[in-house]
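One structure below.
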Amino acid sequence: MPRMEVFIDHCKGCELCVDVCPAGVIEMVEEINKLGYHPAKYKGEGCTGCGFCFYACPEPDAITVYKKED
Amino acid sequence: MTKELIKGNEAVVKGALLAGCKTFFGYPITPASEIAHAAAKFFPILGRTFLQGESEVASINMCYGAASTGVRAMTASSGPGISLKQEGISYAAGSELPIVIIYIMRGGPGLGNIAPEQGDYNQVVKGGGHGNYKTMVLAPNCAQEMCDLTIHAFDVADKYRNPVYVFTDGFIGQMMEPVEFPKARELNIKKDWALLGNRETRDNLVNSIYLDPHELEDHEIHLQEKYREMEENEVMFEEYKLDDAELVTMGFGIVSRILKTTVDKARKKGMKVGLLRPITLFPFPKKQIKDVAEKAKSFLVVELNNGQMVEDVKASIFYSKPVHFYGRMGGVVPSVNELLDKLEEIY
Amino acid sequence: MAKDILEKPKGFHDVYFYKPGDDKENTHYCPGCGHGTAHKLIAEALEDFGVADRTIMISPVGCSVFVYYYFATGNIQAAHGRAPAVGTGLKRANPDSIVISYQGDGDLGAIGGNNILQAANRGENITVFFINNAIYGMTGGQMAPTTLLGQKTMTTPYGRSIQNEGYPIKICELLASLESPTYLERVAITDTKHIMKARLAIRKAIKTQIDNKGFSLVEILSPCPTGWRMTPVDAKKWITEKMMDYFKLGVFKDLTKERKPYSPPKMNLNLDEVEEKLGLKEKPPTFPSTMSDIKEQYRNPRIKVAGFGGQGVLMLGNLLAETGMLHDYNVSWLPSYGPEMRGGTANCQVHIDEGQIGSPVVTDSTVLVAMNKPSLDKFEPDVVPGGLILYNTSMIDRKPERTDVEAIPVPATEMADEIGSLRVANMIMIGAYLQKTGILTKDSIFAALDIAIKHKQFIPMNRQAIEAGIEHVKNMD
Ligand SMILES: Cc1ncc(C[n+]2csc(CCOP(=O)(O)OP(=O)(O)O)c2C)c(N)n1
Ligand code: SF4
Ligand code: SF4
């Protein structure tokens with residue numbers, strides 16, 4: 001099953017990943033990360049591995065997308 | 001090697017090529033254009049790069065790029081062009097890049113004229129661009145030195161990782177004299193800071209930004225240390241008939257040549273006059289001037305400007321002896337007799 | 001390239017060790033800034049092409065001044081707008097490197113406008129990524145050359161107007177009017193479709209350089225949420241609705257198929273060959289000193305040669321100096337220099353001396369060669385008593401007034417005309433001078449002629465003129 005992962009302390013909370021995700025499986029969370037933003041988070045299921053969020057995200061290290069999960 | 005009768009401006013180019021210079025980036029301006037002409041002729045046939053940039057701003061920045069790859073890079077210009085290059089020179093000093101800049105002075109502020117003035121002394125000796133930096137300034141007074149000091153300029157530029165000027169007036173550039181060229185040299189200088197476009201140098205950075213004030217201060221202290229080292233090791237000067245001189249004349253570039261003849265004539269008239277010629281304007285031969293001042297009664301500084309080097313002479317001797325000044329501007333060059341009159345007036 | 005895992009590309013450093021402070025893992029960019037996305041696409045391409053080691057990235061001045069924190073390449077920081085010139089120097093000095101100039105719109109479109117134009121026009125084999133965010137981000141949101149009409153910025157608080165600032169500048173269209181560039185495209189960092197197009201354009205631009213096909217530039221419409229005072233999501237909408245309306249996306253030039261790869265030839269000369277090509281291997285003949293054999297007043301001359309431009313005045317002096325050097329004298333040659341240069345008159349000053357030459361300037365000459373009347377008028381008074389004046393009677397209708405000098409009339413122009421060219425009048429004078437003084441010899445002058453005259457076919461006529469000058473003085477005696 002594909003999945004995406006947000007590395008919380010690399011996220012700047014811009015919401016661009018949420019905006020582009022066709023499956024709507026990313027959300028912004030209440031907690032505040034080390035950088036002082038509300039980070040994004042994978043809802044836990046429904047990722048199709050399209051990679052849209054990866055390319056939309058301006059932070060090099062914030063998102064990893066596993067297209068085919070072991 | 002045999003002698004060649006050659007213009008100073010051309011001797012510069014042959015000297016540079018013998019010194020292994022790989023790239024020349026220039027922009028035409030009288031009286032420095034001949035350097036570009038000679039470079040355009042000789043660089044390509046040796047498989048090296050000559051490029052006429054779109055401006056002096058561009059050509060100094062091309063040097064900045066080329067020098068950062070570890071090759072020897074040079075440019076040549078005159079007042080208005082050097083003014084434009086100041087940004088790039090300041091960056092090169094900040095980023096510690098060796099670049100050789102040939103500066104053939106012309107007259108006046110603004111467009112002025114193309115006659116030989118020396119009004120740019122303060123510009124190159126005191127900085128010229130922004131920030132706490134210095135450039136080494138070598139002042140040849142003959143075609144042979146145009147060659148030799150260009151070669152030396154590359155060596156000290158590499159040694160200190162700093163821009164170096166070869167700085168003279170239109171006369172010295174235009175004049176033809178015999179030059180004995182040294183042998184071509186193989187360069188084995190290791191520049192482990194350079195950007196070679198390979199894995200080993202991939203983490204190298206050529207840069208002048210230090211956001212943190214303490215880091216920048218450290219960097220600038222390091223630069224000042226280099227300048228102090230230059231002052232310790234790199235001073236060059238010429239002494240002429242100074243042993244018993246009561247009146248010491250001083251001048252650089254073409255003026256020093258005229259002064260030499262003047263000194264000879266004055267000696268024939270029984271005046272104890274000598275000549276101290278700074279060859280490096282930075283580092284300035286402060287100590288040597290001070291030594292000479294122990295015996296001498298007074299100085300006469302002659303410049304083709306409004307009195308620029310004279311201030312450094314005064315400061316070198318802590319204003320302890322009279323320092324006279326004789327200057328002409330606009331490209332008017334004083335004759336030997338004119339200087340002789342001045343000598344007689346103050347002797 | 002199909003990848004199973006999309007993660008931080010290897011074109012980036014793992015840890016940003018050049019970044020000051022504690023956080024060495026995140027960029028310095030604002031949330032939602034297009035710079036980060038563009039960086040990612042470039043870093044990915046460098047990794048995929050396997051060229052990161054060879055690459056040198058140029059950091060501009062602007063928000064992306066710290067490009068060098070991130071890219072695992074060689075890095076150099078350039079002055080505001082100068083990156084294309086710096087890139088030119090980098091690439092010319094090392095054509096095997098991949099040079100990438102990354103610039104903002106103020107950097108590229110305003111202060112560096114000419115630098116990008118000229119680098120593109122030279123067809124420099126470099127790649128430029130041009131971030132068009134319609135504003136100056138770094139300095140706090142001032143107008144850029146690409147700021148849209150009506151757009152409010154810190155320096156256009158009432159909106160950009162046609163009357164005051166003119167229309168926003170279209171860089172791709174401008175550069176597309178040049179012959180040289182190979183590949184120009186405008187893309188946008190907005191939705192996924194456009195980001196993927198941007199990704200392809202970035203790859204194509206880098207590939208163009210790898211293939212040695214010349215200049216490539218990708219203009220990237222890129223959000224600056226901070227400068228625009230919008231949320232990142234709204235900023236992307238603004239690009240789609242406003243910027244893309246004025247800055248049309250698309251390929252403006254693509255000659256990647258037609259252009260032949262070019263890389264400059266490599267020449268590895270040994271030191272001998274270098275000296276050879278510089279003409280330093282030639283051994284000119286030498287001649288003995290003549291000074292002790294000649295009359296006192298002709299020794300160590302200070303010579304002034306003057307006439308119209310075109311009379312070969314400078315060459316005359318040059319030849320005297322050259323010949324003097326072959327006799328192993330110290331010599332200097334100084335051309336008239338300054339306002340006269342273009343004015344039709346020319347003169348030069350020559351020293352030939354057994355001793356050191358101090359001032360190369362000749363004020364009190366011991367020899368005057370006057371090729372025309374103004375020259376005689378001007379310089380006659382400066383000749384020392386006992387000096388020598390050679391004057392061209394073809395052009396001078398009076399005798400020198402001085403009675404304390406030797407004056408030799410030479411109809412140089414007419415004699416030259418007889419030989420077949422007015423241009424050799426100068427050589428007639430040289431012949432006359434050497435015959436009169438004996439300081440130089442015919443052999444040494446002929447040897448110097450071989451060195452000084454570039455066009456060898458003219459040598460016989462010049463020799464003939466020198467001989468004629470010699471004969472003229474002989475016949476006077
Ligand atoms: C010669 C010079 N002038 C002005 C500046 C100040 N300055 C720094 S960044 C900048 C604007 C950069 O804007 P842009 O190129 O659009 O990049 P952005 O910050 O938007 O990414 C200016 C004017 C400078 N550093 N150097
Ligand atoms: S796009 Fe990246 S930085 Fe923005 S919210 Fe998503 S994960 Fe965070
Ligand atoms: S000011 Fe604009 S361009 Fe600069 S980092 Fe922030 S969002 Fe990016």
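What the pair-distance distribution of the protein assembly as shown shows, using all Cα-Cα distances binned every 20 Å from zero, is 14, 37, 28, 16, 5, 0 percent. Taking a point 7 Å out from the Cα of B:HIS324 in the direction of its Cβ, the residues of the range B:242-286 whose backbone N falls within less than 11 Å of it are B:247-249.
Amide H contacts of C:LEU221 (H built 1.01 Å from N, in plane; Pro and chain starts excluded): C:ASN132, C:VAL187, C:ALA188, C:ILE189 sit under 5 Å, all sequence-distant by 5 or more or on other chains. Based on C-alpha pairs under 8 angstrom that are at least 6 apart in sequence, the range B:237-346 has a relative contact order of 29 percent. Looking at the range C:149-241, the trypsin sites (Lys or Arg not before Pro) that sit in a DSSP loop and have at most 12 other Cβ atoms within 10 Å of their own Cβ are C:ARG229. Between B:PHE167 and B:TYR103, B:LEU138, B:ALA139, the built amide H atoms are under 5 Å apart, and every one of these is 5 or more places off in sequence or on another chain.
Dipole size in debye (nearest 20) for the protein assembly as shown around its Cα centre, Lys and Arg Cβ +1, Asp and Glu Cβ -1? Mind dumping the intermediate values first?
Values: 98 positive and 111 negative charges, 269 e Å.
In debye, rounded to 20, the protein assembly as shown gives about 1300.
Here the simple spin-label model places points 7 Å from the Cα toward Cβ, and for A:ILE8 and B:GLU345 these points are separated by 8.5 nm. Here the simple spin-label model places points 7 Å from the Cα toward Cβ, and for C:LYS454 and B:HIS130 these points are separated by 4.4 nm. Amide H to amide H distances under 5 Å link B:MET236 with B:ILE279, B:THR280, where only residues 5 or more positions off or on other chains count and H is placed in the peptide plane. The residues neighbouring C:GLY21, those whose beta-carbon lies less than 14 Å from its own, together hold a net charge of -2 under the Lys/Arg +1, Asp/Glu -1 convention. Under 16 Å from a label point set 7 Å out along the Cα-to-Cβ vector of C:THR155, the amide N atoms of the range C:99-126 belong to C:104-114. Note on the range B:237-346: antiparallel DSSP beta bridges, both residues inside, total approximately 25 percent of the bridges counted. Taking square-rooted eigenvalues a ≥ b ≥ c of the alpha carbon gyration tensor, is the range C:291-476 rounded, prolate or oblate, where a/c under 1.5 means rounded and, failing that, a/b exceeding b/c means prolate? Rounded is the answer for the range C:291-476, as its axis ratio a/c remains below 1.5.
Would you tell me the mean number of C-beta atoms belonging to other protein chains that fall within 10 Å of each C-beta in C:357-370, as a whole number?
Numbers: counts 5, 13, 16, 13, 10, 0, 6, 3, 0, 0, 0, 0, 0, 0.
That average works out to 5.
Please compute P(r) over all alpha-carbon pairs of the range B:108-251, binned at 10 Å starting from zero, and give each bin as a whole-number percent. P(r) for the range B:108-251, in whole percents per bin: 8, 27, 33, 22, 8, 1, 0. Translational diffusion of chain B, estimated by Stokes-Einstein from the Kirkwood radius over alpha carbon pairs at 25 °C in a medium of 0.890 mPa s, is 119 µm² per second. Summing charges over neighbours of B:SER335, with a neighbour being any other residue whose Cβ is under 13 Å away from its Cβ, gives +1 when K and R count +1 and D and E count -1.
Along chain C, the exposed loop sites are GluC sites (Glu not before Pro) outside DSSP states H, G, I, E and B with at most 11 other Cβ atoms within 10 Å, and the longest stretch free of them is C:1-178. For chain C, relative contact order (Cα pairs under 8 Å, six or more residues apart, normalised by length) works out to 9 percent.
Using the Cα gyration tensor of the range B:32-157, with a ≥ b ≥ c the square roots of its eigenvalues, what is the shape: rounded (a/c below 1.5), prolate (a/b larger than b/c) or oblate (neither)?
On the way: a/c = 1.36, a/b = 1.12, b/c = 1.22.
Rounded.
Neighbours of C:GLY36, meaning other residues whose beta-carbon lies under 10 angstrom from its beta-carbon, give a summed charge of +1 when Lys and Arg score +1 and Asp and Glu score -1.
Can you list the GluC sites (Glu not before Pro) in the range B:182-257 that are in a DSSP coil and have 16 or fewer other beta carbons within 10 angstrom? Each step should come with its number before you reach the end.
Working: sites: B:GLU186, B:GLU200, B:GLU215, B:GLU217, B:GLU220, B:GLU225, B:GLU229, B:GLU231, B:GLU232, B:GLU234, B:GLU238, B:GLU239, B:GLU246; in loops: B:GLU186, B:GLU234, B:GLU246.
Listed in order of number, the matching sites are B:GLU186, B:GLU246.
Taking chain A, the Cys residues with no second Cys beta-carbon under 4.7 angstrom are A:CYS11, A:CYS14, A:CYS21, A:CYS47, A:CYS50, A:CYS57.
Quote the convex hull volume per residue of the range C:237-301, based on C-alpha atoms, as a whole number of Å³. Mind showing how you got there, number by number?
Numbers: hull volume 22.3 nm³, N = 65.
Each residue corresponds to 343 Å³ of Cα convex hull volume.
Here the range B:71-101 is scanned for amide nitrogen atoms under 19 Å from the site 7 Å beyond the Cα of B:LEU111 along Cα-to-Cβ, giving B:78-84. Most simply put, chain C has about 35% antiparallel DSSP beta bridges, counting only bridges with both residues inside it.
Just the number, please: carbon plus sulfur as a percent of the accessible area of the range C:269-420, 1.4 Å probe, no ligands or DNA/RNA counted. The nonpolar share, carbon plus sulfur, comes to 50 percent. Remark: mean inter-chain Cβ contacts per residue of C:22-30 equal 4, using a 10 Å Cβ-Cβ cutoff to other protein chain atoms. Of C:MET267, B:MET175, the order by accessible heavy-atom surface (1.4 Å probe, DNA, RNA and ligands excluded), from most exposed downward, is C:MET267, B:MET175.
Phi angles of the range C:56-66 translate, via the Karplus equation with coefficients 6.51, -1.76, 1.60 and θ = phi - 60°, into HN-Hα couplings of 10, 9, 9, 7, x, 9, x, 4, 8, 4, 9 Hz per residue; Gly and Pro are given as x. Using θ = phi - 60° in the Karplus curve 6.51 cos²θ - 1.76 cosθ + 1.60, the 3J(HN,Hα) couplings for the range C:416-422 round to 5, 4, 4, 6, x, 7, 4 Hz; x is entered for Gly and Pro. The calculated FRET efficiency for B:GLU225 paired with B:THR2, based on their beta-carbon distance and R0 = 60 Å, is about 0.90. Using the alpha-carbon atoms, what tilt in degrees (0 to 90, nearest 10) does helix C:459-476 show relative to the longest principal axis of chain C? Result, in degrees: 30.
What does DSSP give for the protein assembly as shown in terms of the percent of beta bridges that are antiparallel, rounded to the nearest 5?
Values: 42 of 115 bridges.
The antiparallel fraction comes to roughly 35 percent.
For the range C:1-139, dividing the convex hull volume of the Cα atoms by the residue count gives 120 Å³ per residue.
For the range C:112-126, 3J(HN,Hα) computed residue by residue from phi via the Karplus equation (6.51, -1.76, 1.60; θ = phi - 60°) reads x, x, 6, 5, 6, 4, 6, 5, 4, 6, 7, x, 3, 7, 10 Hz, glycine and proline entered as x.
For C:MET267 and C:ASP191, FRET efficiency with R0 = 51 Å and r from the beta-carbon atoms, rounded to 0.05?
Details: r = 51 Å, r/R0 = 0.99.
Given R0 = 51 Å and the Cβ-Cβ separation, E is 0.50.
Can you give me the relative contact order of chain B as a percent, contacts being Cα pairs under 8 Å and 6 or more apart?
On the way: 744 pairs, mean separation 63.5, N = 347.
Relative contact order, chain B: 18 percent.
Once you divide the Cα radius of gyration of the range B:237-346 by 2.2 N^0.38 Å, the number left is 0.95.
Look at the dipole of chain C built from charges on Cβ: of C:SER332, C:ALA452, C:ASN212, the Cα furthest out on the positive end belongs to C:ASN212.
Over every pair of different alpha-carbon atoms in chain C, take the mean of 1/r and invert it; report that Kirkwood radius in Å.
Numbers: mean 1/r = 0.0361 Å⁻¹.
Taking the inverse mean of 1/r over all distinct Cα pairs, chain C comes out at 27.7 Å.
Tell me the GluC sites (Glu not before Pro) within chain A that lie in a loop according to DSSP and have at most 11 other beta-carbon atoms within 10 Å. Before the final figure, lay out the partial values.
Working: sites: A:GLU5, A:GLU15, A:GLU27, A:GLU30, A:GLU31, A:GLU45, A:GLU69; in loops: A:GLU15, A:GLU30, A:GLU31, A:GLU45, A:GLU69.
Those satisfying the criteria are A:GLU30, A:GLU31, A:GLU45, A:GLU69.
Placing R0 at 25 angstrom, the Cβ-Cβ distance between B:ASN122 and B:VAL332 gives a FRET efficiency of 0.80 after rounding to 0.05. Only alpha carbons enter this Debye calculation for the range B:174-254, each as an equal point scatterer, and the log10 of I(q)/I(0) it gives at q = 0.11, 0.19, 0.26 Å⁻¹ is -0.73, -1.11, -1.23.
The values are calculated or read from the model by the stated rules, or taken from the named source; none is laboratory data. Fair warning: this is a prediction, and the values are worked out from it, not measured in the lab. FYI the Cβ positions are ideal-geometry reconstructions off the backbone, even for glycines, and counts take in every protein chain you see. Just so you know, the surface numbers come from the protein's heavy atoms only, side chains and all, with ligands and any DNA or RNA stripped out. Shrake-Rupley method; radii C 1.70, N 1.55, O 1.52, S 1.80 Å.
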